[in-house]
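Please read the structure below before turning to the comments.
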Amino acid sequence: MKLHQGHTFVVWLAVLLLAGGLAPSAFAQSSTQEIQGLVTDASGSVVPGARVTITNTGTGVSRTATTNETGNYTFPLVEVGNYEVRCELQGFKAETVRGLRVETAAQVRQDFALQLGQVTETVEVSAAAVLLTTENATVGGVIENKRIIELPLNGRNVVSLAVLVPGVQFGERTGRGDGLGGFPIPGQGFSVSANGQREIHQVVSLDGVDAKDPRIHITNFVPSVEALEEFKIQTNAYSSEYGFGGGAVTTMTMKSGTNSLHGTLFEFLRNDKFDAEDYFLNFQVASGATRAPKNRLRRNQFGVVVSGPLIKNKTFWAFNWESRRERVQ
């Protein structure tokens, strides 16, 4: 008996427009990232009126804010990426922090202690990794791009990486054992169960948009591995903005275009010719009996991910297309 799942196509097309002159916050990928901080002088006194500028080093897009009367500044609706943050005020040396990473659903704090001097003098600092997040009490973890790209994934589904977060298991409807079940295409869905909560209570968003089935709360398709920048799973104590369910909250961030042209062409093959025989297929076969052949498997997953600038430092685009063809027996 032959079962065909061949010629089934999964197509993702994402055109991400980040127009600096056309209300940048309206084009933000997510409403959950934020950069904030406190500006003081060498004595520890707060410094109001300081000019703070953040620049996305990938896209070149900059935003500026001024510290308030308490010396605090904030940048809401910040895209995921690496940033350069500069603080300056007349009578003080300007200070620049490079390599500040903003992860999915992160609230990043960068404080400044300005030194007396000319604004033309600049103090440069390399951002250090934050060992303890003090901005919120969220429990969970980020699966960063390095792990998404480099770790092997059977079936090319990032749900296999989701279970790396403590307390997270595969959901019932996508195969609790390995995540290779589900519909309409087995192995292409996303559902997790966290800390005892079933997947019907999970929340999944893709660039800030609800991406789950409204009836059973699984995500029927996930983007190509190469098209995902990173994703975060929150399992407990998340803020009220995620008030759609009591289970895991998964926030996925797609790669957007940058000032450089990037592209990936991929083909992944699964074939029974390369697979080992199931241990129990011919277990204790009688002497002289014909050995049963291996189950037939032909799976091809191929596609392309391309991104780049439309208008440098202003408008960008990204395209993702993937196809899966499979024959099993």
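Observations on the model:
- Residues that are β-branched (V, I, T) and surrounded by fewer than 18 Cβ atoms within 10 Å (Cβ to Cβ) within segment 58-93 comprise T64, T66, T70, T74, listed in sequence order.
- Scanning segment 179-229 for residues that are part of a strand (DSSP E or B) and in contact (Cβ under 8 Å) with a residue 24 or more places away in the chain yields a total of 13.
- Exclusive hit being modelled with pLDDT of 85 or more and of a type in the set (V, I, T), set V130, V168: V168
- Any hit, segment 307-314, residues being touching a residue at least 24 places away in the same chain (Cβ under 8 Å) and among the hydroxyl-bearing types (S, T, Y): yes
- Matching entry among T264, T250 (being touching a helix residue (DSSP H, G or I) at 6+ places or on another chain (Cβ under 8 Å), under 12 Å from S205 (Cβ atoms) and hydroxyl-bearing (S, T, Y)): T250
- Candidate set: segment 304-327, residues that are surrounded by fewer than 18 Cβ atoms within 10 Å (Cβ to Cβ) and of a type in the set (G, A, S); chosen: the one nearest to N259 (Cα to Cα): G308
- Any hit, segment 178-195, residues being over 26 Å from V305 (Cβ atoms) and modelled with pLDDT under 85: no
- Residues of segment 289-329 that are touching an Asp or Glu at 6+ places or on another chain (Cβ under 7 Å) and of a type in the set (G, A, S): G303 alone.
- Leading residue by the ranking (farthest from the chain's Cα centre (by Cα)) among those in segment 274-303 that are of a type in the set (S, T, N, Q) and surrounded by 14 or more Cβ atoms within 10 Å (Cβ to Cβ): N282
- Residue check, T264 over 24 Å from G208 (Cα atoms), touching a Ser or Thr at 6+ places or on another chain (Cβ under 9 Å) and not in a helix (DSSP H, G or I): yes
- All of (1) in contact with a Cys (Cβ under 8 Å, 6 or more places away or on another chain); (2) within 30 Å of N236 (Cβ to Cβ); (3) among the aromatic types (F, W, Y) hold for F112 with one exception: (2).
- Any hit, segment 230-249, residues being more than 22 Å from P166 (Cα to Cα), touching a residue at least 12 places away in the same chain (Cβ under 8 Å) and surrounded by 11 or more Cβ atoms within 10 Å (Cβ to Cβ): no
- Set side by side, the residues T55, T96 differ, and just one is surrounded by 19 or more Cβ atoms within 10 Å (Cβ to Cβ) and either among the hydroxyl-bearing types (S, T, Y) or in a strand (DSSP E or B) (or both), which is T55.
The values are calculated or read from the model by the stated rules, or taken from the named source; none is laboratory data. Given the structure is predicted, the values throughout are model-derived calculations rather than measurements. With ideal geometry, Cβ positions are generated from the backbone for all residues, glycine too; neighbour counts draw on all protein chains shown.
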